[in-house]
Amino acid sequence: MRILGIETSCDETAASVVEDGVRVLSHVVASSEELHRKTGGIVPEVAAREQVRSIIPVVDESLKQAAIDHEGLDAIAVTVGPGLIGSLLVGVETAKTLAWVWGKPLIPINHLVAHIYAPFLELEKFPEFPAVCLMVSGGHTDLVLMRGHSLPRAKRGGDFKWLGGTLDDAAGECFDKVARILGLGYPGGPAISRAATDNNQAPITNNAKIILPRPLIHEDNFDFSFSGLKTAVMRLAPTSNTSAVAYEFQEAVTDVLAVKTIKAAEKFSAKSIIVGGGVAANQRLREKLGECAGNVPVFFPALKYCGDNGAMVAGAAYFNFKSVRDLFKVEADPGLYFG
Ligand code: KG4
Ligand code: ZN
């Protein structure tokens, strides 16, 4: 089965054709990141206008790369939320129109669920359930227990129980804000990681005095809080070595994410750990989870599928194939969550 996945929830405009949920036949991502670099963050109206411009060429290119035309598609899947309303509308209305014109089933997909299916892409051996999933992106930080693929009556894909999440900033958002405080640019995640690596090469005394808190790390719950870290960095920044602060900040965030994920995996006797979202690209998070998980296998997306893309949307749709007959019922839903 070949599904075209369309994703426009934030600043990317992406489309992919995926066969049987895992074989990626095309992967096209247009980003307006360059424009947002100038403003140090995403301006929603600017993102949506770029998406209107690029959505049709991106879909065309994804079919071309997959070497098929629309007749070779079995269905269309689209991210309906959560995300920026103007951006979501571009993908949702385009997908509805294509589904109607081409006469294809349309499958609405939750963006958070799509991130959880990113590690399935190009896999031969799938994660076993129950799985503890860490969803870490620019907009969300959640721990969920995944008991399987879609239940017959589940609203939008996957059998999920939400365990906990951030009480304030998302982990990726915190990377972005701290990078801005340190003058490292946007997006913050890769910028902080690069600066932190420089610190590894600097004399060890550099970071001797810099210790940041690990918020909620010992609390008996699965919640996170990152906004205090940002404030702590703000206090340190004027008088400290930038790469040393970046290093300690990355250690603090990844310590908390890894410890809480492992705690959840132990509590629910998880057979696998699945990590999705932009922050899943973080090398230190990969190392720490890999080291602490013991015999429980940890599944990360390939780096190219960590950020927003259409392939994960098509993948999620394959494993939770629920098309909507009445296209008018498919609507952008910016506040969509797990459930
Ligand atoms: O999933 P994503 O592309 O978009 C959302 O759905 O939010 O995630 C983007 C976020 C940004 O905050 C970015 O700074 C972060 O992922 N990110 C990283 C890394 N690469 C991207 N955070 C930490 N380390 C990275 N290597
Ligand atoms: Zn995302």
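When MET234 is tested against (1) within 15 Å of ligand 1 (Cβ to nearest atom); (2) part of a helix (DSSP H, G or I); (3) more than 19 Å from the chain's Cα centre (by Cα); (4) not aromatic (Phe, Trp, Tyr), just one condition goes unmet, and that condition is (1). Note on the stretch 314-329: residues that are over 17 Å from VAL113 (Cα atoms), in contact (Cβ under 8 Å) with a residue 12 or more places away in the chain and part of a loop (DSSP other than H, G, I, E, B) amount to 1.
State yes or no: is ASN221 surrounded by fewer than 16 Cβ atoms within 10 Å (Cβ to Cβ), at pLDDT 95 or above and either more than 16 Å from ligand 2 (Cβ to nearest atom) or among the charged types (D, E, K, R) (or both)? Judged against the criteria, ASN221 is a match. Taking the criterion of being over 17 Å from GLU7 (Cα atoms) and acidic (Asp, Glu), would at least one residue in the stretch 124-141 satisfy it? Looking for residues that are over 17 Å from GLU7 (Cα atoms) and acidic (Asp, Glu), one finds at least one in the stretch 124-141, hence yes. Restricting attention to the stretch 1-38, which residues are outside any strand (DSSP E or B), in contact with a helix residue (DSSP H, G or I) (Cβ under 8 Å, 6 or more places away or on another chain) and touching a residue at least 40 places away in the same chain (Cβ under 8 Å)? Within the stretch 1-38, MET1, THR8, SER9, CYS10, ASP11, ASP20, GLY21, VAL22, HIS36 qualify. Filtering the stretch 164-192 down to residues that are under 30 Å from PHE268 (Cα atoms) and away from ligand 1 (no atom under 12 Å from the Cβ), which residue is surrounded by the fewest Cβ atoms within 10 Å (Cβ to Cβ)? The qualifying residue surrounded by the fewest Cβ atoms within 10 Å (Cβ to Cβ) is LEU167.
Within the stretch 265-280, the residues that satisfy the criterion of being small (Gly, Ala, Ser), crowded, with 20+ Cβ neighbours inside 10 Å and more than 16 Å from ligand 2 (Cβ to nearest atom) are ALA265, ALA270, SER272. Among the residues making up the stretch 50-70, those that are more than 15 Å from SER9 (Cβ to Cβ), charged (D, E, K, R) and touching a residue at least 24 places away in the same chain (Cβ under 8 Å) are GLU61, LYS64.
Conditions tested, residue by residue: (1) away from ligand 2 (no atom under 16 Å from the Cβ); (2) of a type in the set (Val, Ile, Thr); (3) in contact with a Gly (Cβ under 7 Å, 6 or more places away or on another chain).
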| site | (1), (2), (3) |
| --- | --- |
| ARG49 | yes, no, no |
| VAL59 | yes, yes, no |
| ALA75 | yes, no, no |
| GLY103 | yes, no, no |
| LEU112 | no, no, no |
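The values are calculated or read from the model by the stated rules, or taken from the named source; none is laboratory data. Note that the coordinates shown come from a computational prediction; the quantities given were computed from them, not determined experimentally. Cβ: placed from backbone, ideal geometry, glycine included. Neighbour counts: every protein chain shown.
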